[in-house]
1. Find the helices (runs of 4 or more DSSP H) located wholly in region 162-265 whose residues include 1 or more that are within 15 Å of the chain's Cα centre (by Cα) and in contact (Cβ under 8 Å) with a residue 40 or more places away in the chain, and list them.
2. Go through (1) surrounded by fewer than 19 Cβ atoms within 10 Å (Cβ to Cβ); (2) within 14 Å of the ligand (Cβ to nearest atom); (3) modelled with pLDDT of 95 or more and name the single condition GLU147 misses.
3. Where in region 25-140 are the strands (runs of 3 or more DSSP E), entirely inside, with at least 1 residues that are near the ligand (Cβ under 10 Å from one of its atoms), without any contact (Cβ under 8 Å) to a residue 40 or more places away in the chain and touching a Gly at 6+ places or on another chain (Cβ under 9 Å)?
4. Residue check, TYR131 against (1) at positive phi; (2) over 14 Å from the mean Cα position of the chain (by Cα), all met but one. Which one?
Amino acid sequence: MTLDHGGETMPESGPHRPYKAPLFRKITFVGLGLINGSIARDVRRLGLAERLVGTARRTETLDQACALGLVDEATPNAAAAVRDADLVVLGVPVGVSGEAARAVAPGLSADAIVTDVGSVKGKVIELVAPYLDMRRFVPGHPVAGTEKSGPAAAIERLFENRWCILTPHSATDAAATERVATLWRALGSNVELMEPAHHDKVLAITSHLPHLLAFNIVNTADDLEGVLKGEVLKYAAGGFTDFTRIAASDPTMWRDVFLHNKVAVLEVIGRYIEDLIALQRAIRWDESDALFERFESAQAIRREVVRAGQAYKRVPSARYHRVNDRRQLSRNLV
Ligand code: NAP
């Protein structure tokens, strides 16, 4: 199936297909970290925009993004950066989405589409609403990432064969949503539309809670370190190393995720604690069948995840490959 875009016939999905025409004249990236930097890399590689401009707070970030070739130019002046842009991508911690929207608003053209990549959707919509024309704001979340941050963390093909969830709200113009969807498909992602509140519930269990567990288990292990006399680090191999990798994720980003998806996260923490207590009880009372059934059902779920093509294994090159052997560089489902 194909989509018609600006007179060009575009493939609906699939990674690194050559696009005959740029999808946008000028894309401005607000925030130049892992996610926006990775989008910029692929937009340039695939020729999806004529000009790329970036903005962030620190000169160091701007210089680094230019030196890495992520953008053609960068300025700390957000309103100047978005002038004449037909697409603006907010890629900042979700807690400052409103601040970023307010900063770009005076420079936006009437026809500019604004999208974002925040890991939380309901609260971001609320934060940007006072500053943007909401008909042209398309909330988005690429479910891909790593534990690294900043411009130097940006990598190519981060979004290939991954989901990008768009959560248009009642005011969003369908044509704006379609243009943003076309960009994500060009980056190799599969696009799904979802209600913002539903997105926040789904991600609370599939991404936010697992990150919380990782942060917590690493700290608990560290608290036990005195008692275990260095053995936590010595025998860290196994599963614990993976928890430390996830726990290395950016504290600002994750603080904002939890504070801005409070209701859904508190709900899943409650459910998780109930299930953990059931396991604790089964261990205490030697309920061997109950433990076995619980572990067996978890094993079956893992098989399903692998079948759905969303699991990765570590290989000696320190890159990560899809368990079903399709090449893939990204590591976290976030
Ligand atoms: P990142 O690598 O830490 O980059 C954040 C960028 O935002 C930096 O360029 C930073 O530069 C800039 N920034 C921070 N505060 C700002 C402010 N108040 N105003 C303007 N710019 C500001 O973060 P990221 O991992 O790309 O995450 C960006 C967004 O993507 C977040 O909303 C996150 O929830 C979402 N997301 C992340 C992942 C992931 O795996 N990391 C996956 C999917 C979605 P300066 O410090 O110089 O301003």
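1. On the way: elements: 174-186, 196-203, 209-228, 231-234, 238-247, 251-260.
Helices (runs of 4 or more DSSP H) meeting the threshold: 174-186, 196-203, 209-228, 238-247, 251-260.
2. Result: GLU147 fails condition (3) only.
3. Numbers: elements: 49-55, 87-90, 113-116.
Hits in region 25-140: 49-55, 113-116.
4. Among (1) at positive phi; (2) over 14 Å from the mean Cα position of the chain (by Cα), the lone unmet condition for TYR131 is (1).
Here's the yes/no breakdown for (1) assigned by TED's automatic domain parsing to the domain that holds GLY118; (2) charged (D, E, K, R); (3) surrounded by fewer than 22 Cβ atoms within 10 Å (Cβ to Cβ):
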residue: GLY37; (1), (2), (3): yes, no, no
residue: ARG44; (1), (2), (3): yes, yes, yes
residue: GLY47; (1), (2), (3): yes, no, yes
residue: LEU52; (1), (2), (3): yes, no, no
residue: LEU62; (1), (2), (3): yes, no, yes
residue: CYS66; (1), (2), (3): yes, no, yes
residue: GLY69; (1), (2), (3): yes, no, yes
residue: GLU73; (1), (2), (3): yes, yes, yes
residue: PRO76; (1), (2), (3): yes, no, yes
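The values are calculated or read from the model by the stated rules, or taken from the named source; none is laboratory data. It should be emphasised that the depicted structure is a prediction, and the values quoted were computed from it without experimental measurement. Cβ: placed from backbone, ideal geometry, glycine included. Neighbour counts: every protein chain shown.
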